[in-house]
Amino acid sequence: MPSPFIIGVLLLAGFGLTSASTFTAAFSRRWGTRPGQWVTLLLRVGLGMPLWILGLVLAARAPGQALLPDHPAVKLTAGLLLGAGAGLILWAMPAVGRRALAPSAVDTLVVRGPYAYVRHPVYSGCFLEFVGLALTQPTWLFILSCAACSLWLLLQARLEERDLLERLPRYSEYMRRVPRFVPRASRRAGSSKIN
């Protein structure tokens, strides 16, 4: 079984490469729209995501003392969080389409589905999933790995927003109207529409 150091290196390398994929506008200016999209896709899907996912899987498989009791309430909570996270991600993916994995300099702003309520519904779902995963395998290494993934998503969202501001002229107004991860409790119908 790999050491915590190796797992940490895989996570950090994956985070770094996936974060590097957020410079779609810069890649497209330098190499053109289609090559810029391919560089983003390679960094994100070809290199970054497989590395951090491998690190997370290895952390889950690493032996360790459970920090929470093996109780039905813990299992139920984990299942509910995993289901809610997966449901949110599955709701968001058709709305955003291929842009989630291979953004392009010619993308259009998505404001339908869950994107009417939060700017990063896929990441909101991932946060729920990471908490649920940590509850399924509550060892210190896996909990720490899930926490690292959550912290990285906070940074990833900010980097993506900087790129989206360059690529999508209406994104600034969208940012003002729609919260990043958690919907507002008192949202009026149509308040997130971009005219």
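In table form, for the structure just shown:
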quantity: Sorted peptide list for 178-185, 80-87, criterion being average Cβ within 10 angstrom, highest first; calculated: 80-87, 178-185
quantity: Per-pair calculated FRET efficiency, R0 = 25 Å: ALA185 and GLN65 via Cβ, rounded to 0.05; calculated: 0.05
quantity: Cα-based equivalent ellipsoid of the chain: semi-axis lengths in Å, sorted from largest, via gyration tensor; calculated: 31, 23, 11
quantity: For the chain, built as a Gaussian network whose Cα springs stay under 10 Å, the top-fluctuating residue of LEU47, LEU67, LEU56; calculated: LEU67
quantity: The chain: calculated mean residue ellipticity at 222 nm from DSSP helix runs of at least 4, using -39500 (n - 2.57); calculated: -21000 deg cm²/dmol
quantity: Contact order normalised by residue count of the chain, Cα under 8 Å, 6+ apart, percent; calculated: 26 percent
quantity: By average C-beta atoms within 10 angstrom, highest first, the peptides 57-63, 125-131, 135-141; calculated: 125-131, 135-141, 57-63
quantity: Amide N proximity, segment 99-125 versus TRP31 label position 7 Å along Cα-to-Cβ, cut-off under 20 Å; calculated: 99-107
quantity: Dipole magnitude of the chain about its Cα centre (Cβ charges: Lys, Arg +1; Asp, Glu -1), debye to nearest 20; calculated: 800 debye
quantity: Listed residues ALA25, PRO72, LEU155: farthest to the positive end of the dipole of the chain (Cβ charges); calculated: ALA25
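Each value in this text was obtained by applying a stated rule to the coordinates, not by laboratory testing. These figures come from a predicted structure and were not determined experimentally. Cβ: placed from backbone, ideal geometry, glycine included. Neighbour counts: every protein chain shown.
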